[in-house]
Amino acid sequence: MSRFSLIAIVFLLSVASSYAAKVKVVDVATICKQSYNATYCLELFKSKPSGVKGDLVSLAQYATDVLRTKITKAVDLINKLSSSTSDPAAKEYYDNCYVDFGPEGALSEVSAIQTQLKKGDYANVDSGASFIMTDVGDCFPEDFTDTSLIQKYVGEVTDIAQIIRAVTHFLTS
């Protein structure tokens, strides 16, 4: 009986050490130094329910969840503004932003990022975050002055996508 217990303990310790070797943890301040907006990055991770602690994958997942929320709010705002305007230039702007943020743009890409995170395909997570930055970066007014919150969402989505890229840098190195 004691020989079985010893074997079980050795097995459990080897499994635990194997798991620990796969979990990458990097100080959040170090990650945020790699992002465009370090202050925003630190604030984002401080808002994480379990605090700024966590392995890189859980930090990336948290950032991706926040990213999805911001994109969804932007899409809702764009739909509301588009349906309530009679200005053709504004309507065109909102429709273009919907393409950039919506189901064929950033919203689709954030779903792909979540799938790639689960698979451990961090290179494609990085690419997806880059695509999101490009998509929403195309949403800017040309023929009228936009006083809505859309540009605020463009900035936040870009910042969060860049934070995800910073995390994936550490995951792939």
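The values are calculated or read from the model by the stated rules, or taken from the named source; none is laboratory data. Predicted model only: the values in this text are computed from it and were never measured. We place every Cβ from the backbone using ideal geometry, glycine too, and count neighbours over all the protein chains shown.
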Next on the checklist: Condition (residue is of a type in the set (S, T, N, Q), assigned to a loop (DSSP other than H, G, I, E, B), at pLDDT 90 or above and more than 24 Å from the chain's Cα centre (by Cα)) applied to the range 65-87: is it met by at least one residue?
Outcome noted: yes
Checklist entry - In the range 148-156, is there at least one residue being outside any helix (DSSP H, G or I) and either out of contact with any strand residue (DSSP E or B) (no Cβ under 8 Å at 6 or more places or on another chain) or touching a residue at least 24 places away in the same chain (Cβ under 8 Å) (or both)? => result yes
Next on the checklist: Taking the conditions exactly as written (assigned to a helix (DSSP H, G or I), buried (at least 18 other Cβ atoms within 10 Å of the Cβ), out of contact with any Lys or Arg (no Cβ under 8 Å at 6 or more places or on another chain) and among the acidic types (D, E)), does D126 satisfy them or not?
Outcome noted: no
Next on the checklist: Which residue is nearest to the chain's Cα centre (by Cα), if the candidates are limited to the range 88-106 and must be in a helix (DSSP H, G or I) and buried (at least 21 other Cβ atoms within 10 Å of the Cβ)?
Outcome noted: A106
Checklist entry - Among L56, L67, which is touching a residue at least 60 places away in the same chain (Cβ under 8 Å) and touching a Leu at 6+ places or on another chain (Cβ under 7 Å)? => result L56
Item to check | Qualifying residues in the range 54-71 (those that are among the polar types (S, T, N, Q) and out of contact with any helix residue (DSSP H, G or I) (no Cβ under 7 Å at 6 or more places or on another chain)) - the one farthest from S111 (Cα to Cα) | outcome: S58
Checklist entry - Just checking, which of V136, V154, V99 is in contact with a Cys (Cβ under 9 Å, 6 or more places away or on another chain), among the hydrophobic types (A, V, I, L, M, F, W, C) and farther than 28 Å from Q34 by Cα? => result V99
Checklist outcome for this item: If we keep only residues of the range 29-54 that are closer than 23 Å to M133 by Cβ and basic (K, R), then the residue modelled with the highest pLDDT is K33
